[in-house]
Every structure is written in structure tokens, then in C-alpha cells.
Amino acid sequence: MQNVAIIGTTGSIGKAFLEYYVSDNTTEKVYSISRSKNNVEDKKIVNLDLNLTNKNDYAKLSSFIPKNSLDKVIIASGILHDDDLQPEKTISSLDLDNFQKIFSVNAFAPALLLKVFFPLIRRNENALIGILSARVGSISDNRIGGWYAYRASKAALNMIIKTAAIELARKDKTAKLIGLHPGTVDTNLSKPFQGGTPKGKIFTPSQSINYLTKVIDSTTPQDTGKIFDWEGKEITA
């Protein structure tokens, strides 16, 4: 039986991950970690509060979750836009506050979460940390430009994943740390930008999670530090 922690369970993808592992017969306990409680109820769930922008909240996680107790950690938090922030189309649109907000959630927070969760994951071949990344974080794949802060934050996240995976491997040769690109998922994050997506390539959250969990379950220690899309194909830097 495995224990799983999911960060960002009030978001559509995080909630779908939560529902998946709650329904999984091999999962004993699921830590649902988010800024506010969602409406998923089950005896397996332990709800924990976390504000990604409050540095004091990170330390609280270590006091609630025992060391060497987690088999999987899924970091599903992220931001592309909100009521006051939109992806930049041109460099003239850059704004320092928006840049810092995007990096705070998409790059700084996952790094701080890794600091918390490294001591909490088990030392066995099933241990895995998966972090939602994005194909637009690939420098070599950038062909249309735009989205400065989001692209840069995901590129930074991919470097954090790679660097942290090297450190983790020194401590445990079997543990895995990977990035996951979920595809275009029908969520509030992607809804304004779905116009150019081919028919059949917009997934429901549950569809995307079904793909991603297959990728998660098929990874080996040799995959640590890599970024995979929903099909299991590696995304290059």
C-alpha cells in the first residue's frame, strides 16, 4: 500500500490526481495539500493547508507528514494568468510584479516543496516525485515566441527538476524525480488559449491524468531528471 501527497488539489488537474489515487486500491493515504479545501471527501484523504506564497507554510508540512512515509509526491500547482495578469505577447508588455508572481508559483514554490519533501519520501524503487511542467518551457521547441514569464518560469522549473534529480540520485539510486506535461487540458488555465488546438487534443482533467499516471508508473530510475509529455515522450530542453 502506498501513501501519496498531491499539491494543488483545488486546481482541475490536482483534483483529478486526487480522485485517481483515492479510487486506487493500492493507495492507503492521500495528503490533499492546497490553499483551501476542495469538495472531494474520502477516509483516505488528509487535508493540509498550504499558501505557496507564504514561506512559513512550507515548514508546517514536515510537522504533519512523517519522514520516509511517502511513495509518490505530485506537485500540480501552477499559474499562467489571472484577473490581473495575462501572458505577454510582446516584450513591451513585461511587468516586474507579474514576472515575480509567475516565477514565485511556477519555479520558486516547486523548489521549496522539493526541499520539504526530499526527507519525506521512502527510499525504495517505487518512490517518485512528479511536477507539472509544460512543453513551452523547452527552449529548443520555442518557435512562436511570446509568453515570456510563463516560458521562462517553466524553463527554470525544468532546470530545478534536473538539478534536484542529480542530488536525489546521490542519496537514493532508485528514487525518481520527473517533470510532466499534461497536454492541453480543459481547465480555467488553458480555456482562453484553446483556439489553435487540434480537434481531439483537448483533454478532460481525468483523461490527462489517466495518461500521466501511465507515464508515472512506467518510469525507471534512468528517467529521473527528465521531462515527459502525456504520451510518455521526452521533452528536450
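The values are calculated or read from the model by the stated rules, or taken from the named source; none is laboratory data. Keep in mind that this is a model prediction, so the values were computed, not measured. Reconstructed Cβ throughout: ideal geometry from the backbone, glycine too, with neighbour counts over all protein chains shown.
Summary of computed values
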read-out: Some residue of region 93-102 being part of a helix (DSSP H, G or I) and β-branched (V, I, T); value: yes
read-out: Number of the exception - T53 against (1) surrounded by 14 or more Cβ atoms within 10 Å (Cβ to Cβ); (2) hydroxyl-bearing (S, T, Y); (3) in a loop (DSSP other than H, G, I, E, B); value: (1)
read-out: Neighbours by Cβ (under 8 Å, 6+ apart or cross-chain): first from region 132-158, free of Cβ contacts under 8 Å to residues at least 24 places away in the same chain; second among the aliphatic types (A, V, I, L, M) and surrounded by fewer than 24 Cβ atoms within 10 Å (Cβ to Cβ); value: N142/V136; R151/V136
read-out: Restricting region 1-49 to residues that are part of a loop (DSSP other than H, G, I, E, B) and among the hydroxyl-bearing types (S, T, Y), the residue that is surrounded by the most Cβ atoms within 10 Å (Cβ to Cβ); value: T9
read-out: Enumeration of residues in region 56-81 that are of a type outside the set (A, V, I, L, M, F, W, C) and in a loop (DSSP other than H, G, I, E, B); value: P66, K67, N68, S69, D71, S77, G78, H81
read-out: Residue ID - farthest from the chain's Cα centre (by Cα), chosen from residues in region 132-171 that are of a type in the set (V, I, T) and assigned to a helix (DSSP H, G or I); value: I166
read-out: Residue, farthest from I160 (Cα to Cα), within region 210-233, restricted to residues that are among the polar types (S, T, N, Q) and touching a residue at least 12 places away in the same chain (Cβ under 8 Å); value: N210
read-out: Out of D71, D49, sole residue that is among the acidic types (D, E) and in contact with a helix residue (DSSP H, G or I) (Cβ under 9 Å, 6 or more places away or on another chain); value: D49
read-out: Residue among L70, L85, L61, L52 that alone is modelled with pLDDT under 95, more than 21 Å from T204 (Cβ to Cβ), among the aliphatic types (A, V, I, L, M) and touching a strand residue (DSSP E or B) at 6+ places or on another chain (Cβ under 7 Å); value: L61
read-out: Count of residues meeting criterion [farther than 24 Å from H181 by Cβ, without any contact (Cβ under 8 Å) to a residue 40 or more places away in the chain and outside any loop (DSSP other than H, G, I, E, B)] in region 82-92; value: 1
read-out: Residue within region 218-236 that is part of a loop (DSSP other than H, G, I, E, B), surrounded by fewer than 16 Cβ atoms within 10 Å (Cβ to Cβ) and under 16 Å from the mean Cα position of the chain (by Cα) present; value: yes
read-out: Residues within region 135-172 that are within 18 Å of L114 (Cβ to Cβ) and surrounded by fewer than 16 Cβ atoms within 10 Å (Cβ to Cβ), tallied; value: 6
